[in-house]
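Trainee: Let me begin by handing over the structure; questions about it come next.
Please treat every number below as a calculation from the coordinates, not as lab data. Predicted model only: the values in this text are computed from it and were never measured. Methodologically, a virtual Cβ is constructed for each residue, glycine included, from the backbone with ideal geometry; neighbour enumeration extends over all protein chains shown.
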Amino acid sequence: MCHCQAKKGTLYKYICMITISEIQKRLREAIKFSAISQKDIAAKLGINQSTVSKYMRLNKYPAIDTFANLCKILDVSADDILGLK
């Protein structure tokens, strides 16, 4: 969901605020719909499978370097996950 607000002094221009819950939802979907198992994702990242499971339950956030590598492994754009596109 986008929480848009009109930018002062302009017409028809909006700032769309990005929320962590939206980012987490897109990350969760990317993991869920990938052809790679959580076990394989964890092995490629060098982390525990339980950590990937926590990303899926939406209660843990990857570090920025882990996030970047996760995007590479899943072959998804970080911009898409972050809601920048």
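Trainee: In nm, to one decimal, how far is the modelled label at Met17 from the one at Ser50, with both set 7 Å along Cα→Cβ?
Mentor: It is 3.5 nm.
Trainee: Another one. Under 20 Å from the Cα of Lys32, which aspartates and glutamates turn up, not counting those fewer than eight places away in the same chain?
Mentor: Reachable aspartates and glutamates: Glu22, Asp40, Asp75, Asp79, Asp80.
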